[in-house]
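Report on one structure; see the data block that follows.
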Amino acid sequence: MRYAVISDIHSNLEALEAVLADIEDSGIRDIIFIGDAVGYGPSPNECTEMLSERCKALVAGNHDWAVIGLSDASFFNEYARRAVEWTSEVIEEKNKEILRSMPLTDEDKKRDAFFVHATPRRPEEWSYLLNLWDAELNFYSFEEKVCFIGHSHQPFIVEKVPSGEVVTHTESVRIKGDSRYIINAGSVGQPRDGDPRACFAVVDDDRVKIVRIPYDIEKVQEKMRQELLPNPLIERLAAGR
Ligand code: ZN
């Protein structure tokens, strides 16, 4: 029952390669991708292709939808919107087709797990699950034991214990028989929790943990400069903000 969950790659090939190498080294074969293959970064084609080759399931994110015209990029901030426009120009048709084929949610009955980019409750609204009240509400919107999300680029683990109380964990937790969980897998390609290393989640039998992996940030930044992507997007990678 070992598998990895990766989210928010955002066209960062160097971070994606580092994460996939680490997953392979640890002998994990099944990878679930939960949205935002593209947006912000310089390598949308390479990342989309690699995800479709390596992942067992792929779920759509709001940047993926914006690039293929399924959601309105006018809700994005200026830099995100410019990156979406740039991505729409450079992405190949076959990779747009991959983005179009990704559903909003996915369930794995065998693993008793649900996968969605933003929130299990009304996933097409791309809301942020940021506090325990949001978490409590969202536990009613999926049936499985575990739900994986991304979107905020901030990893966390929320556990709902049998009494109904909701508690948080930061790095790792043992999956107990009578609890349910919402786990934010963090972001591979643009972490925002102050740690610039690539972030993802691993389920190892009855334990789930958040994993951090260093990658060549300067190389991505150089590619972004060459493509004239907005400076704040380049600088934030080194800060992890
Ligand atoms: Zn994202």
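The values are calculated or read from the model by the stated rules, or taken from the named source; none is laboratory data. None of these values were measured; they are calculated from a predicted model. For neighbour counting, all protein chains shown are included, and Cβ atoms are generated from backbone atoms with ideal geometry for every residue, glycine included. Just so you know, the surface numbers come from the protein's heavy atoms only, side chains and all, with ligands and any DNA or RNA stripped out. Shrake-Rupley method; radii C 1.70, N 1.55, O 1.52, S 1.80 Å.
At a glance:
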| quantity | calculated |
| --- | --- |
| Of all accessible heavy-atom area on segment 3-239, the percent that carbon and sulfur account for (1.4 Å) | 46 |
| Check: the chain dipole with +1 on Lys, Arg Cβ and -1 on Asp, Glu Cβ, in debye | 400 |
| Angle between the chain longest axis and helix 217-226 axis [Cα atoms, degrees, rounded to 10] | 40 |
| Debye-sum result for segment 133-241 in log10 I(q)/I(0), which assumes one identical scatterer on each alpha carbon, at q = 0.22 Å⁻¹ | -1.10 |
| Helix-only mean residue ellipticity at 222 nm for the chain, each DSSP H run of n ≥ 4 adding -39500 (n - 2.57), per residue, nearest 500 | -9500 deg cm²/dmol |
| Rounded to 10°, Cα long-axis angle of helix 44-54 versus longest principal axis of the chain | 40 |
| Pair-distance profile P(r), taking every C-alpha pair of the chain, with 10 angstrom steps and integer % | 8, 36, 37, 16, 3, 0 |
| Computed log₁₀ I(q)/I(0) - Debye formula, equal Cα scatterers, no solvent, segment 62-196, q 0.20, 0.22 Å⁻¹ | -1.22, -1.37 |
| Proximal charge balance of S43 [Cβ under 9 Å; K/R count +1, D/E count -1] | -1 |
| Overall form of segment 16-100 per C-alpha gyration tensor (a/c, 1.5; a/b vs b/c) | prolate |
| Residue-normalised accessible area of segment 1-122, given per residue in Å² at a 1.4 Å probe | 41 |
| Angle in degrees between helix 78-90 and the longest Cα principal axis of the chain, rounded to the nearest 10 | 70 |
| Three-way shape call for segment 180-241 based on the alpha-carbon gyration tensor, with the a/c threshold at 1.5 | prolate |
